[in-house]
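Written out below as structure tokens is the structure these notes cover.
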Amino acid sequence: MTTDRQNLFRRLAVFAGSFTAESAEAVCGNVLEGIIDLVEANLLLPPDETGDTPRFSMLATIREYAGELLEESGEADHQQQRHAEHFTTLVEDFGRRLSSPDASTAMSGLASLLIEGCIVALALYRLFMVSPAIQRGSRASRGCTKV
């Protein structure tokens, strides 16, 4: 396997569950050909196409091994940060769309966002509970206390 494919393999370990090609691209860089190669090498499962968007995943033991390689590479913190930033951006965009005329479309997109994994919950928490702008806004008017 080429060095680029090895790098991609270990970087994809930041996804705890399944992921879309778009999320992998945002977190790991230009990956489409690499994802295809990893599927052909049986390091990624073929995409699950039961939903609106095909989703890729790794078997747990393979992901664990990729995670060990990611830790050994010294890239784990950086990749986890990119992952968190990507999902925080998705959630913030979702929040903006909820208060727009596009709210019904945003709600239908919530299901696919939630499938992405626990990082969405963390990003939602950060957005709605920790964000200073939110604390000054609607939370204050409902009498919520600062976290």
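The values are calculated or read from the model by the stated rules, or taken from the named source; none is laboratory data. Model, not experiment: these values are computed from the prediction. Neighbour counts are summed over all protein chains in view; Cβ atoms, including those assigned to glycine, are modelled from backbone coordinates with ideal geometry.
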Practice problem: Sort out which residues of region 10-41 are in contact (Cβ under 8 Å) with a residue 40 or more places away in the chain and within 16 Å of His78 (Cβ to Cβ), and write them in order of number. | Solution: Arg10, Arg11, Leu12, Ala13, Val14, Phe15, Ala26, Val27, Cys28
Quiz prompt | Members of region 65-78 found to be touching a residue at least 24 places away in the same chain (Cβ under 8 Å) and within 23 Å of Pro46 (Cα to Cα), listed by number | solution = Ala66, Gly67, Leu69, Leu70
Exercise. Evaluate the following for Leu12: is it crowded, with 18+ Cβ neighbours inside 10 Å and modelled with pLDDT of 90 or more?
Key: yes
Practice problem: Report the residue count in region 39-64 for those that are over 18 Å from the mean Cα position of the chain (by Cα) and crowded, with 17+ Cβ neighbours inside 10 Å. | Solution: 2
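Of all residues in region 65-93 being acidic (Asp, Glu) and farther than 30 Å from Ala103 by Cβ, which is farthest from the chain's Cα centre (by Cα)? Lay out the reasoning, then the answer.
If we filter region 65-93 for residues that are acidic (Asp, Glu), which is where we start, we get 68, 71-72, 75, 77, 85, 92-93.
Then keep just the ones that are farther than 30 Å from Ala103 by Cβ; that gives 68, 71-72, 75, 77.
Working: Glu68: 19, Glu71: 19, Glu72: 22, Glu75: 17, Asp77: 15 Å.
Going through the qualifying residues, I end up with Glu72.
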